[in-house]
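Before any comments, here is the structure.
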Amino acid sequence: MRSHDLTPGRMIGVVFDHGDDFFTALTDACRTHNIRQGYIPMFIAGLSQAKLVGTCQRLDNPDAPVWSHVDLTNIEALGGGTIAWDDTTGTITPHIHLTVGLKEHSATAHTSHLLNATVQFLTEMLIIEVTAPTMHRLPNPNLYDVPQLHLGPTGHGN
């Protein structure tokens with residue numbers, strides 16, 4: 001377990017437009033407001049399509065991460081996540097998870113890591129900026145190189 005006191009900065013409200021690419025709109029909002037790191041406590045979304053990490057196949061190693069995806073359409077979603085900064089690329093690295101309901105299948109639900117999505121009608125989100133400490137994602141070689149959030153001046157936290 002790693003933890004660190006967070007210093008909150010601004011709270012930004014963002015409304016995505018119909019047809020927006022989810023991650024492009026999120027990146028644009030962060031660029032517009034010069035947000036390099038923070039968290040998204042919750043957001044609501046209508047999405048015409050989304051790719052979530054998942055599979056319908058038997059897993060050879062249930063302890064390993066799943067790198068495949070499922071394609072979903074016509075969904076209502078509730079999500080949240082974190083935003084870290086990548087010094088190498090000079091871009092944000094969001095980590096977003098969604099719970100989605102498939103409207104035409106009695107709101108059958110799926111929950112997982114979001115890979116991409118297209119907004120349908122709306123997405124309404126609050127971004128809470130974190131001014132300190134530094135937030136980075138570093139691959140963990142002991143856990144299949146899964147990028148994990150690290151907090152602190154060197155990105156390692158307390």
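The values are calculated or read from the model by the stated rules, or taken from the named source; none is laboratory data. Please read all numbers here as calculations on a predicted model, not as lab measurements. In this analysis, Cβ positions are derived from the backbone assuming ideal geometry, glycine residues included, and neighbour counts consider all displayed protein chains. The area values use the complete protein model at the heavy-atom level, side chains included, leaving out ligands, DNA and RNA. Shrake-Rupley method; radii C 1.70, N 1.55, O 1.52, S 1.80 Å.
For this structure, a couple of remarks:
- Enumeration of residues in region 98-131 that are open to solvent by 40 Å² or more (accessible area, probe 1.4 Å) and either aliphatic (A, V, I, L, M) or not in a strand (DSSP E or B) (or both): Lys103, Glu104, His105, Ser106, Ala107, Ala109, Leu115, Leu122, Leu126
- Asp21 vs. criteria touching a residue at least 60 places away in the same chain (Cβ under 8 Å), open to solvent by 80 Å² or more (accessible area, probe 1.4 Å) and among the charged types (D, E, K, R): no
- His156 being at pLDDT below 95 and either surrounded by fewer than 15 Cβ atoms within 10 Å (Cβ to Cβ) or not in a loop (DSSP other than H, G, I, E, B) (or both): yes
- Flag if Pro8 is touching a residue at least 24 places away in the same chain (Cβ under 8 Å), on the phi < 0 side of the Ramachandran plot, open to solvent by 50 Å² or more (accessible area, probe 1.4 Å) and over 17 Å from the mean Cα position of the chain (by Cα): yes
- In a residue-by-residue description of region 128-144, the property of being under 15 Å from the mean Cα position of the chain (by Cα), aliphatic (A, V, I, L, M) and within 20 Å of Thr24 (Cα to Cα) applies to at least one position.
- For region 134-152, the criterion of being basic (Lys, Arg) and in contact with a Pro (Cβ under 7 Å, 6 or more places away or on another chain) is met by at least one residue.
- Residue in region 76-87 that is modelled with pLDDT of 95 or more, among the β-branched types (Val, Ile, Thr) and surrounded by fewer than 16 Cβ atoms within 10 Å (Cβ to Cβ) present: no
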